[in-house]
Structure formats: structure tokens, C-alpha cells
Amino acid sequence: MLEQLANDGIAYFNNRPPSGGNTIIAMGPPRSGTSMVITTLQALGVFIGDDPVRGTLEDRRLTLALERKNGNPKEVITDYNRHSVWAYKRPWAYEYIERKAHLFRRPRYILTFRDPIAIAKRNELSMGLQLAEQVKLAADRTAAVADFMLNTSRPTMAVSYEKVLSDPRKFTMALAAFCGIEANTEAITAASQKIENGPDAYLIATQTRFRKSKAS
């Protein structure tokens, strides 16, 4: 009975078995765990873009194209489709991705959720932002992501950041299965060991309060 009552913090919507050639798109409120997802996917051998930013692993090439700053998104996506499975991380892409989903090959969404207080506190510590305002903003963004999740028809995996930290291996196995990634026991173990709360590279890359050294 207790095993049946166990809560892994993972939920699926519109789920169907992955076929070949999936594109994984990781989204969620900023600071909610999208970097954790993309780091784990990279550790599983998934291509995450030609120009991922150090620390956050957001691909600059595709982001610039999708957000109409530089480049053609269709050309970038066609290029990336040379990989049987590839992934893209952009926290607030949920605001526009449905309008561009037709450009992607078999898109599957991963949405991350995290305690709004933790998100707000991180923004206060890393960026010097006002805590109360950040709590409200994090809660509003969480509600927006939930609304997106309940209205999309795409296969979607929703994950709790806090629950993932309590059982990284279980999450990694579920992630691989949802994305259609073949991974043996050793690969799952190695990828799950990449999961940690606030890794140094991420904290350094996303803070604005202190001067960043060239080594960073």
C-alpha cells in the first residue's frame, strides 16, 4: 500500500509512447529547474544546441532565431534535426512555443515546477531583487505554466524540482523513457549524479550582484 501511495512528483498529460525523431522542449518559471532538466539530458547524450550558454545551457543560436533577433528558426531546427533526438531549454518559451510548435519535429514538452518562495529567494540573493515582488511574480508564472500545461495537446511531462532532488535516479529513468532515450544502468547512474541543488556554474552564470571573474 505504501508503495502505491509514494509521490514521485512526476505527472503526464496527453502522453503517448515516443516515436523516433523527438524534439524535447524544457520550459517553466525561471529558476524552477529547467537547467536541471537540460543538464540531465545532456548527460544522457542528447544534443542541446550548437551554442549553449555556460551555466544555463540555453542555446543562443535557436533562441535568437525563435525570438526574431537573428537567424531563421526553420533553418536552425532543420539543421538540428540531424540528431535523432535533441533538446532545447528556454524557461519562458511557454509564452510563445505553441505558435511555433509546427516548426519542430514531434515536440514533447517538459515543464518544471518549484516552490515560489525558493524561486523568489534565489532572485533576491542572486540579483538583488525585492523578495515580496518576486514571490508574487513566481506564483503568477507558475499559474501561467499550469494553464499552458492544461491547454496544450502535446505530450507533456510535469516535474517537481523538490521531488527530483529527493530521488534523482527515478527522475532520470522517467526522463529517458519520456524522451525515447535508450540508456543503460551506467548511463542512468552517471546522468542522475549530475543533479544537484544550485550547482556552482549555474549560480555564477545567473547572478548579477557580484563581479564575475574571467575564470568564471
Among the candidates W92, W86, residue that is surrounded by fewer than 17 Cβ atoms within 10 Å (Cβ to Cβ) and within 14 Å of the chain's Cα centre (by Cα) = W92
task = Please enumerate the residues belonging to the range 156-178 that are surrounded by 21 or more Cβ atoms within 10 Å (Cβ to Cβ) and in contact with a strand residue (DSSP E or B) (Cβ under 7 Å, 6 or more places away or on another chain).
result = T156, M157, V159, Y161, F171, F178
message = Pairs please, first residue from the range 52-63 and closer than 12 Å to S35 by Cα, second anywhere and among the polar types (S, T, N, Q) and crowded, with 17+ Cβ neighbours inside 10 Å, Cβ atoms under 6 Å, 6+ apart in sequence or on different chains.
response = T56/S35
request  = Among the residues of the range 108-125, write down those that are touching a helix residue (DSSP H, G or I) at 6+ places or on another chain (Cβ under 6 Å) and more than 21 Å from Y94 (Cα to Cα).
outcome  = E124
ask   = Within the set of pairs 6+ apart or on separate chains, which have a first residue in the range 4-24 that is farther than 19 Å from P168 by Cβ and of a type outside the set (A, V, I, L, M, F, W, C), a second that is modelled with pLDDT of 90 or more and surrounded by fewer than 10 Cβ atoms within 10 Å (Cβ to Cβ), and C-beta atoms under 8 Å apart?
value = N14/S153
query = When the residues of the range 101-117 are filtered to those that are surrounded by fewer than 16 Cβ atoms within 10 Å (Cβ to Cβ) and without any contact (Cβ under 8 Å) to a residue 40 or more places away in the chain, which remaining residue is farthest from V159 (Cα to Cα)?
reply = H102
inquiry  = I need the helices (runs of 4 or more DSSP H) fully contained in the range 132-216, keeping only those with at least 2 residues that are closer than 19 Å to A11 by Cβ and out of contact with any helix residue (DSSP H, G or I) (no Cβ under 7 Å at 6 or more places or on another chain).
reply    = 161-166, 168-179
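The values are calculated or read from the model by the stated rules, or taken from the named source; none is laboratory data. These numbers were taken from a predicted model, which means no experiment stands behind them. With ideal geometry, Cβ positions are generated from the backbone for all residues, glycine too; neighbour counts draw on all protein chains shown.
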